[in-house]
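What follows is a single structure, written as structure tokens, with notes after it.
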Amino acid sequence: MSRAVTWLVLAAAILWSLGSADMGLEKLPGAMARLGEFFGRMLPPDMSIWPEVLQGLAETLRIAILGTFFAVLFSVVLGILAAETLVPPAIWRPVRSLLAIVRAIPLILVAMLMVGAVGLGPLPGILAVTFHATGMLAKFYAEAIDTVSPEPVKALESAGANRLQQLRWGIWPQMAPVVLRDTVFRFELNLRESLILGIVGAGGIGLYVQTYVRSFQYDKAATVTLAIIVLVLLSEAVNTALQKRFS
């Protein structure tokens, strides 16, 4: 009965959305013509800006790498504090609530706040990625801790091991594959999100996208777009290889 109610609620939500969205489907034919004209202006791509594009891609990659690195450092501590099996409810409940609040704040808003606080450049991008990624990674780490088998931990506890020793020898070997998988996935997500941070002045290749589109230099915007596609495809390939390696 509960499953049928769930499907009915989902169907009702979809029908309600379709009926009240005012999508304006009659605009699609004209939109397709305008999109065709827009893409026509992007050809052929202007490869003369390739050195600038590579510089922007390198900055984007640095933002993603450093943002992920600092997020992992914070998430290790917060993940332990948010684990139900390691700390009392008076600690893990507030920490999990804090992580939920962090995840609820859009990354682009965080980036805008960081730009206002520290100025333009890659630093606000790194801070924004670190802040936003910590909310997700710490939650994943806490869940990984809570799903491990308790038997090895109890054996270590009966042998006199302290909390850190239990975490290192009883919990970490079980959760390591999950943690590594989630961290690699989050890095790929950070890289994709870092691509747009330049739009608000937080460094990276997004600044070039904004500059060329606003100045109607669509051939140069096409070159940036191609570079972004290549970078995303490479990150996807690396992520897949690492997932197979750690699985």
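Once the Cβ-Cβ distance between S97 and S48 is put in as r, and R0 is 51 Å, what FRET efficiency do you end up with, to the nearest 0.05? Can you show the working numbers first?
Working: r = 52 Å, r/R0 = 1.01.
Taking R0 as 51 Å, the efficiency between S97 and S48 is 0.50.
Just how far, in whole angstrom, is segment 41-91 from segment 191-243 if you go by their alpha carbon centroids?
Comparing the Cα centres of segment 191-243 and segment 41-91, I get a distance of 14 Å.
Hey, what do the phi angles of segment 80-85 turn into as Karplus ³J(HN,Hα) couplings, whole Hz, using 6.51/-1.76/1.60 and θ = phi - 60°, x for Gly and Pro?
Here the 3J(HN,Hα) series is 5, 5, 9, 7, 5, 7 Hz.
Ignoring any ligand, DNA or RNA, what whole percent of the accessible area of segment 30-73 comes from carbon and sulfur when the probe is 1.4 angstrom? Working shown, then result.
On the way: 2040 of 2770 Å².
Answer for segment 30-73: carbon and sulfur cover 74 percent of the accessible area.
Keeping every protein chain present and rolling a 1.4 Å probe, give me the accessible area per residue for segment 103-247 in Å². Could the numbers behind the result be given before it?
Values: 7410 Å² over 145 residues.
It amounts to 51 Å² per residue over segment 103-247.
Over segment 49-246, what is the relative contact order in whole percent, taking alpha-carbon pairs under 8 Å and six or more residues apart? Each step should come with its number before you reach the end.
On the way: 266 pairs, mean separation 59.6, N = 198.
For segment 49-246, the relative contact order is 30 percent.
With everything on Cα atoms, drop me the angle between helix 218-246 and the longest principal axis of the chain, reported from 0 to 90° to the nearest 10.
On a 0 to 90 degree scale, this one is about 20.
Just grab the label-to-label distance for I108 and V238, each label 7 Å out from Cα along the Cβ direction, in nm (one decimal).
Calculated label separation equals 2.6 nm.
Answer with a single label: of (1) 96, 56, 44; (2) 62, 40, 28; (3) 72, 52, 38, which was calculated as Cα extents along the principal axes in Å from the structure in view?
Matching entry in (1) 96, 56, 44; (2) 62, 40, 28; (3) 72, 52, 38: (3).
Any idea what angle helix 2-20 forms with the longest principal axis of the chain, computed on alpha-carbon atoms, 0 to 90 degrees, nearest 10?
20
The values are calculated or read from the model by the stated rules, or taken from the named source; none is laboratory data. Since the model is a prediction, treat every value here as computed from it, not as a measurement. Ideal geometry is used to build each Cβ from the backbone, glycine not excepted, and the neighbour counts take in all protein chains shown. When the accessible area is computed, the model is the full protein with side chains, heavy atoms only, and any ligands, DNA or RNA have been set aside. Shrake-Rupley method; radii C 1.70, N 1.55, O 1.52, S 1.80 Å.
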